[in-house]
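Enquirer: One structure follows; several queries about it will come next.
The values are calculated or read from the model by the stated rules, or taken from the named source; none is laboratory data. The shown structure was predicted, so the numbers you read here are calculated from the model rather than taken from an experiment. A quick note on method: Cβ atoms are made from the backbone with ideal geometry, for glycine too, and the neighbour counts reach across all protein chains shown.
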Amino acid sequence: MEEKYPIGKFEFDGEITDSVIKEWINEIEQLPKLLREAVSDLTNEQLDTPYRSGGGLFDK
């Protein structure tokens, strides 16, 4: 796995239409709520865990 792209590079084979763009915008608008729900039961220690080497807030 390439740490820079942990879920892979974005690929889209379909046609980008107004409908697709509206759907993507809706997904982006919903993301903060979904993230809050996903981490609501985590401790501060869990929230401070970097997902990759050098991925901490203060790592350079």
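Enquirer: Within segment 31-60, take every residue that is of a type in the set (Lys, Arg) and under 30 Å from Phe12 (Cα atoms) and give me the one that is modelled with the lowest pLDDT. Give the steps one after another, and end with the answer.
Expert: Taking segment 31-60 and keeping what is of a type in the set (Lys, Arg), we get 33, 36, 52, 60.
Filter once more, so that each one left must be under 30 Å from Phe12 (Cα atoms): 33, 36, 52.
Values: Lys33: 97, Arg36: 95, Arg52: 70.
Looking at residues that are of a type in the set (Lys, Arg) and under 30 Å from Phe12 (Cα atoms), I get Arg52.
Enquirer: Looking at segment 15-30, can you tell me whether even one residue there is basic (Lys, Arg), assigned to a helix (DSSP H, G or I), surrounded by 10 or more Cβ atoms within 10 Å (Cβ to Cβ) and at pLDDT 80 or above? Walk me through it before giving the result.
Expert: Quick first cut of segment 15-30, residues basic (Lys, Arg) only: 22.
Next cut, assigned to a helix (DSSP H, G or I) only: 22.
This time we only want the ones that are surrounded by 10 or more Cβ atoms within 10 Å (Cβ to Cβ), so: 22.
If we keep only those that are at pLDDT 80 or above too, we end up with 22.
Yes, there is a match, as at least one residue in segment 15-30 is basic (Lys, Arg), assigned to a helix (DSSP H, G or I), surrounded by 10 or more Cβ atoms within 10 Å (Cβ to Cβ) and at pLDDT 80 or above.
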